[in-house]
Structure formats: structure tokens, C-alpha cells
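A short write-up of the structure that comes next.
Nothing in this text is a laboratory measurement; each read-out follows from the coordinates by a stated rule. No experiment lies behind these values; they were computed from the predicted model shown. Don't worry about glycine lacking a Cβ; one is built from the backbone with ideal geometry, like all the others, and counts go over all protein chains shown.
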Amino acid sequence: MRFPTSIKVSELAKQLNAQLLGDDTLLASGINEIHHVEAGDITFVDFEKYYKTALNSAASIIIIDKSADVPEGKALLVVDEPFKVYNDLVLQYRPIRPLNVNISPSATIGEGTHLEPGVVVGHEVVIGEGCFIQANVYIADHSIIGDDVVIQSGAIIGADAFYFKRTPDGFTKWRSGGRVIIQDRVDIGSNCTINKGVSSDTIIGEGTKIDCLVQIGHDTKIGKNCLFAAQVGVAGNCTIGDNVTLYGQVGVAQNLTIADGVTLMAQSGLGHSTEEGKAYFGTPAQEARKAYREVAALKQLPDFLRKMKDI
């Protein structure tokens, strides 16, 4: 998530009542959880076994719960509850802003775009030209939609990320500071849900076509000209290449990479990253030819066992 303007780390330290260690001249240009940090970002860490990962990440400023050696060119903000401080910062720059009208006055809608009755468009949404948004679609704050996009009835664009931190008192929800970006000539089927990123953007690439009843998790990046059939579910933080086909009821676990040109056959469950251009089948999914051979061999097992018994 980008800030509207950069913030001096020294000012942040005062605002957060934090001990500042390291380079006090740094500017914070954004805030991200560890999977998506870039130079200039703030991130947080509150478990010692993850200190090294956070300190060696691209993040410039780390909110942390105890003093540590500061890498060159970075700054630490030492506080008692890093997650709470992080989450409150996101909420400060992405506050909850309930709508009182169907279309926010701050939304921008391009020429030739048609919105049917019941469409809800949130704050700071940008919709391009020549789009067709069918009845009862919900487009959440800060979403960006390109040109010539079709979104069918009942779809939800920009639902909050399903992302919680386990605490002694139960699960605490992360404030979703990311966006959904839908590029040009994308089709979204009825009753699809596309979650916004926790801290980065969920992206649907140019020319991709998505059938009805598909769920796309937070921070997932989908490439160009992909084809997703009905009831596909993609978990959070996945990276999917160009020209990928996911047939009906495919499930994709979190944090995976699907290479360009991959096909996943219907009802497959993918739990590992893939190689470019290959087809996969089964649960857990494996290369389709190998999976089909195993299925064929399994069908012969009863006859084999009967012959063994006779022997």
C-alpha cells in the first residue's frame, strides 16, 4: 500500500511513541506485510525467529518488539505491539468509509460504461471506458477496472482479505490496505468474489475470462488471457502466469506459482508450484500423464489381487 505522500521516520517514531534505531533520515513511501515489501516500505515483525527475514527484507523501516542490530540503510521502530501498530497505520490510511449512496461521488466512470440497477461503486473507484457492469455488482473502495470489462450480476470486487492473526484472545483481523486491479477486456462471471490485497494489489490480467462462482484470494496476481471455469478457488498470495487454464472446481493452495501455459484438469487440487506448459490432474495434482497411468493401474488392482489369491 502506498502513502499519499512520504512520511519521515522521525515523525513516525513520535506519532507511534516508538524508540527509533538506525537511519533517522529515511522516508516511508508505503506499508506492506513481509510477502510484498519494497524499498521505502514499512513492515513489522513480532516473533524472534522471523527477525532475520524482516531485517534482511527489502523493507526500509521495520516495526519490531525489541532492539536488534540495524542493517545499514534501515531503521527500526521499537514498540510493545508491532502488529497493532502496523494494523492501526493501515487503518489510518485506509479507513472504513461506509457508503450512503449507490455510487460514491469520488468514483470515476469512463465514457460508454453502463451500470445496471443495483450496482454499488465505492470510494475512489476508477472504472474505464466501454464496460458493462450488470445488476447488483459490488465494487469496493480503491478498485481499478480497465476498459471493455464485463462483470456479471452478483459479483463482488474488492471483498476484504480473509487474513487473520492468531492471538491468545482469538483471531484478529488484518485491515486490508490493498486494492483489486482488473485490466482491459476481462470478463468476470456471476457471483464471483475477488478479494483485495492485504497490503498489495490483487490483479486480474488483460484478456482473462473467469466463469461464475469463482473465488480469487487476496494479493493474487493473475496473468493475461487465462481461462478459469466455474467453482475454481485460488487462495491468497498466488502468482499465476499467462495463458493458464483452470477447469471446473480446481483448488489452488496459498503462496504458489503457476507458470505460463499450465492447464489444471477439473477437480484437481494443487499444493505445489508448477512447470511451464504442463498439464496437471488429481488431488494432490501431478503431471496429467503420470496421474492417468496411476488411475489406469488402480483399475486393474482388483483383478490382480484375485489372481494373487488364486496363486
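Pick from Val262, Val101, Val90: which is most flexible by mean-square fluctuation in a GNM of the chain where alpha carbon atoms under 10 Å apart are linked?
Val101
Please work out the C-alpha center-to-center distance from segment 166-207 to segment 266-291 and express it in whole Å.
25
Any idea how far apart Phe171 and Lys84 come out in nm if each label point goes 7 Å out from Cα toward Cβ?
With each label point 7 Å from Cα toward Cβ, the separation is 2.2 nm.
Under a Cβ-Cβ cut-off of 13 Å, what is the net charge of the residues other than Ser106 that fall near it, where Lys and Arg count +1 and Asp and Glu count -1?
-1
Among residues other than Lys278 whose Cβ falls under 14 Å from its Cβ, what is the net charge (Lys/Arg +1, Asp/Glu -1)?
Residues near Lys278 contribute -2 overall.
Could you list the residues of segment 31-66 with an amide nitrogen less than 18 Å from a label point located 7 Å from the Cα of Asp23 in the Cα-to-C-beta direction?
Those under the cut-off are 31-32, 37-44, 54-64.
Where both partners of a DSSP beta bridge lie in the chain, what percent of those bridges are antiparallel, to the nearest 5?
Percent antiparallel among DSSP bridges in the chain is about 20.
Given the Cα-Cα distance of Arg97 and Leu301 and 0.36 nm per residue of separation, how much length would full extension add, in nm?
67.4 nm
Compute a Gaussian network model of the chain, connecting alpha carbons closer than 10 Å, and tell me which residue from Ala288, Ala297, Ala159 fluctuates the most.
Ranking Ala288, Ala297, Ala159 by mean-square fluctuation puts Ala297 first.
On a 0 to 90 degree scale, rounded to 10, what angle separates helix 82-93 from the longest Cα axis of the chain?
Approximately 80 degrees, to the nearest ten.
Expressed as a whole number of Å, what is the distance separating the alpha-carbon centroids of segment 225-241 and segment 59-90?
34
For the chain, which longest stretch is free of loop sites, where a loop site is one of the GluC sites (Glu not before Pro) that DSSP puts outside H, G, I, E and B and that has at most 13 other Cβ atoms within 10 Å?
112-274
Measure up Lys209/Lys299; Lys49/Lys74; Lys74/Lys173 against 30 Å on the Cα-Cα distance and list the ones that go over.
Over 30 Å apart, Cα to Cα: Lys209/Lys299.
What distance in nm separates the two pseudo spin-label positions at Gln286 and Asp260, each 7 Å out from Cα along the beta-carbon direction?
For Gln286 paired with Asp260, the spin-label model returns 2.9 nm.
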